[in-house]
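> One structure coming up, written as structure tokens, with questions to follow.
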């Protein structure tokens, strides 16, 4: 790789532990966020995404572990606590922010104009921020967070609740920031969004479930995956799930058995990221419910990158 | 067979603004219909008319074969995006309250896995658990028609798969399901999709039928950021995809030319549902 994605600098976190009162929010989570790449932090509500992102943005100190991040003025964070002023227009908000970042007036205005245009927000530049729709507001907040070309951009669920048209504008902004050499860390609950990122960290109850590039996570899936027309009966039912009107059944086979189950035979299919993450969650559940044996856990931690 | 919910050439105007134009839609027993559209496409207005919460300007709406009324509403189950639970009551109290409202007498049982939360206040529960309580509550009176708004928002992938199993079980039991969502992962779970743009239905069918033979150009460059810059300068619409880029609505030759001498492979790949959705919405805006 060359240019922005050569990743001269890698921001990140190592072995973070964070507690909120008696609740442990993060248990030994590590993340790496190379310059010029988009790294996704994925998980359901309560998985620990926001806690990790707040540590990365410097707005929360971990109980233990280390965070590598640029100085505050070289970071951008969404949602920024004092982010957007509802009684200022879109343009005034960005002017104000550019001034706060110490950008020369014309540079700030030129950047703002370009980002607004590409994110489909130009027509709204004279509108009060308080009158924007949810998606427009999210786009404005992301533009405000990246106006000063930060080294690290931390985005906490920028696309949640946003319609696909606004989402496309947001993704353009994200790609643009990374193309300019910024390390982008983005939280999402959706794996089709994670699939667009260079690396993915999946969190579950404050711990790492899997991590790596989407391809690595898929390659590291233990056992074999089958597409079956009906929900399996018996204990296999717990290892099956419905997807797009059909059923997936995961079999935690050992390495040798896996060799005898090639793709295409007996309904065996090649998993995608959504399948691989679902399997990792199942493997953890099976592991908790009973003694899984070594086969179930094999391959779970081969992800690597994060 | 009578449809559970249906409307024929329905139009709704608010003053000079037409929110829904000539929309026809049927939900049959046992089917899961996904309603997709950008904000302002008319989805919410359509659903409010189907439920009888607002009247139509033109056209006819039927719920269970008759005009919507308080009576027909008792055969509905609804999970709004905000879940509609009372935070200061326990899951069991929420279920009792809902049963009393529907007048069904029978209080639905909480799923076994939620038993340990029975005595906690809903407001103190994790959102994923709250969502399952909302589902249990909406399904308790065995509704004939389920209306769900982004039903698995904020849920982890395995939890999402389990919630979809619950939805599919209701459909297999004969209920019709109407789902609105912004997420294509959810849309893929629906048997049939209806896409709205600018108040109209612009596409209808299975996900595969809607995507059809649509293609986009995929670029895998040695440096995606340089490729991104080059395609941008050429005025092409570029989207990030892992270590590669996707360029919808462009010709591979034009993409190749825009890349100049940057080392990259350029090929046509099938479009995704989201890309097709975007194209349909843009076409509708341009028209």
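> Identify, from the list B:119, B:113, the residue that is loosely packed, with under 14 Cβ neighbours inside 10 Å, assigned to a helix (DSSP H, G or I) and in contact with a helix residue (DSSP H, G or I) (Cβ under 9 Å, 6 or more places away or on another chain).
On the way: B:119 fails: assigned to a helix (DSSP H, G or I).
Matching residue, one of B:119, B:113: B:113.
A quick yes/no check of all residues on (1) under 27 Å from residue B:241 (Cα atoms); (2) surrounded by 16 or more Cβ atoms within 10 Å (Cβ to Cβ):
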| residue | (1), (2) |
| --- | --- |
| A:28 | no, no |
| A:37 | yes, yes |
| A:58 | no, yes |
| A:75 | yes, yes |
| A:96 | no, no |
| A:104 | no, no |
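> Run down B:149, B:144 and say which single residue is within 13 Å of another protein chain (Cβ to nearest Cβ) and closer than 27 Å to residue B:64 by Cβ.
Working: B:144 fails: within 13 Å of another protein chain (Cβ to nearest Cβ).
The match here is B:149.
> Here are some conditions: (1) modelled with pLDDT of 90 or more; (2) within 14 Å of chain B (Cβ to nearest Cβ). Residue A:164 meets all but one. Which one does it not meet?
If we test residue A:164 against (1) modelled with pLDDT of 90 or more; (2) within 14 Å of chain B (Cβ to nearest Cβ), just (1) comes out false.
> Quick test for you: out of B:232, B:279, pick the one residue that is within 12 Å of chain A (Cβ to nearest Cβ), within 22 Å of residue A:177 (Cα to Cα) and outside any loop (DSSP other than H, G, I, E, B).
After applying the criteria, what remains is B:232.
> Considering only segment B:33-82, state which residues are modelled with pLDDT under 85 and within 14 Å of chain A (Cβ to nearest Cβ).
B:80, B:81, B:82
> For segment B:251-263, name all the residues that are surrounded by 21 or more Cβ atoms within 10 Å (Cβ to Cβ) and touching a strand residue (DSSP E or B) at 6+ places or on another chain (Cβ under 7 Å).
Going residue by residue through segment B:251-263, those that are surrounded by 21 or more Cβ atoms within 10 Å (Cβ to Cβ) are B:255, B:258.
B:255 - this is the single residue of segment B:251-263 that is surrounded by 21 or more Cβ atoms within 10 Å (Cβ to Cβ) and touching a strand residue (DSSP E or B) at 6+ places or on another chain (Cβ under 7 Å).
> Something else: Pick from B:54, B:32: which is at negative phi and crowded, with 19+ Cβ neighbours inside 10 Å?
Values: B:54 fails: crowded, with 19+ Cβ neighbours inside 10 Å.
Exactly one of B:54, B:32 is at negative phi and crowded, with 19+ Cβ neighbours inside 10 Å, namely B:32.
> Which condition number does residue A:134 fail, the rest of (1) without any contact (Cβ under 8 Å) to a residue 40 or more places away in the chain; (2) within 11 Å of chain B (Cβ to nearest Cβ); (3) within 25 Å of residue B:231 (Cα to Cα) being met?
Residue A:134 satisfies all of (1) without any contact (Cβ under 8 Å) to a residue 40 or more places away in the chain; (2) within 11 Å of chain B (Cβ to nearest Cβ); (3) within 25 Å of residue B:231 (Cα to Cα) except (3).
> Here is a further query. Quick one: in segment A:200-221, which of the residues that are within 11 Å of another protein chain (Cβ to nearest Cβ) and assigned to a loop (DSSP other than H, G, I, E, B) is surrounded by the fewest Cβ atoms within 10 Å (Cβ to Cβ)?
Step by step, filter segment A:200-221, then rank; the result is A:205.
> Here is a further query. I need a count of the residues in segment B:168-185 that are more than 9 Å from chain A (Cβ to nearest Cβ) and under 14 Å from the mean Cα position of the chain (by Cα).
Here is the first cut: in segment B:168-185, the residues more than 9 Å from chain A (Cβ to nearest Cβ) are B:169-181.
The next check asks that each one be under 14 Å from the mean Cα position of the chain (by Cα); those that pass are B:177-181.
Number satisfying all stated conditions: 5.
Let's see how each residue does on (1) in the same structural domain as residue A:161 (by TED's automatic domain parsing); (2) more than 23 Å from residue A:154 (Cα to Cα); (3) modelled with pLDDT under 95:
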position	(1), (2), (3)
A:88	yes, yes, no
A:91	yes, no, no
A:112	yes, no, no
A:120	yes, no, yes
A:135	yes, no, yes
A:138	yes, no, yes
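> On to the next question. Looking only at segment B:197-210, decide whether some residue is buried (at least 17 other Cβ atoms within 10 Å of the Cβ), more than 10 Å from chain A (Cβ to nearest Cβ) and under 30 Å from residue A:218 (Cα atoms). Please lay out each step first, then the result.
Applying the first criterion (buried (at least 17 other Cβ atoms within 10 Å of the Cβ)) to segment B:197-210 yields B:197-203, B:207, B:210.
Still in the running and more than 10 Å from chain A (Cβ to nearest Cβ): B:198-203, B:210.
If we keep only those that are under 30 Å from residue A:218 (Cα atoms) too, we end up with B:210.
Within segment B:197-210 (the criterion being buried (at least 17 other Cβ atoms within 10 Å of the Cβ), more than 10 Å from chain A (Cβ to nearest Cβ) and under 30 Å from residue A:218 (Cα atoms)), the answer is yes, since at least one residue qualifies.
> With the checklist (1) within 14 Å of chain B (Cβ to nearest Cβ); (2) in contact with a helix residue (DSSP H, G or I) (Cβ under 6 Å, 6 or more places away or on another chain); (3) within 15 Å of residue A:39 (Cα to Cα) in hand, flag the one item residue A:171 doesn't pass.
(2)
> Which ones in segment B:197-208 are touching a helix residue (DSSP H, G or I) at 6+ places or on another chain (Cβ under 6 Å) and in a strand (DSSP E or B)?
Of all residues in segment B:197-208, those touching a helix residue (DSSP H, G or I) at 6+ places or on another chain (Cβ under 6 Å) come to B:197-198, B:202-203, B:207.
Once the filter is applied, which keeps residues that are touching a helix residue (DSSP H, G or I) at 6+ places or on another chain (Cβ under 6 Å) and in a strand (DSSP E or B), segment B:197-208 yields B:197, B:202, B:203.
> With the condition kept exactly as written, say whether any residue in segment A:95-109 is in contact (Cβ under 8 Å) with a residue 24 or more places away in the chain, in contact with a strand residue (DSSP E or B) (Cβ under 7 Å, 6 or more places away or on another chain) and in the same structural domain as residue A:198 (by TED's automatic domain parsing).
No, every residue in segment A:95-109 fails to be in contact (Cβ under 8 Å) with a residue 24 or more places away in the chain, in contact with a strand residue (DSSP E or B) (Cβ under 7 Å, 6 or more places away or on another chain) and in the same structural domain as residue A:198 (by TED's automatic domain parsing).
> Looking at segment A:164-194, which of the residues that are within 9 Å of the chain's Cα centre (by Cα) and outside any helix (DSSP H, G or I) is surrounded by the fewest Cβ atoms within 10 Å (Cβ to Cβ)? So that I can check it myself, show each step before the final result.
Residues of segment A:164-194 that are within 9 Å of the chain's Cα centre (by Cα), as a first pass: A:185-191, A:193-194.
Among the residues that remain, those that are also outside any helix (DSSP H, G or I) are: A:185-190.
Values: A:185: 29, A:186: 28, A:187: 26, A:188: 22, A:189: 25, A:190: 24.
This residue is A:188.
> Assuming residue A:79 fulfils every condition listed in (1) farther than 30 Å from residue A:15 by Cβ; (2) surrounded by fewer than 23 Cβ atoms within 10 Å (Cβ to Cβ) apart from one, which condition is it?
(1)
> Let me ask another. In segment A:197-233, which residues are closer than 22 Å to residue B:244 by Cβ and out of contact with any helix residue (DSSP H, G or I) (no Cβ under 7 Å at 6 or more places or on another chain)?
Result: A:197, A:198, A:199, A:201, A:211, A:212, A:213, A:215, A:216, A:219, A:220.
The values are calculated or read from the model by the stated rules, or taken from the named source; none is laboratory data. A quick note: this is a predicted structure, and the numbers were derived from the prediction, not measured. As a convention, Cβ positions derive from the backbone with ideal geometry for all residues, glycine included, and neighbour counts pool all protein chains shown.
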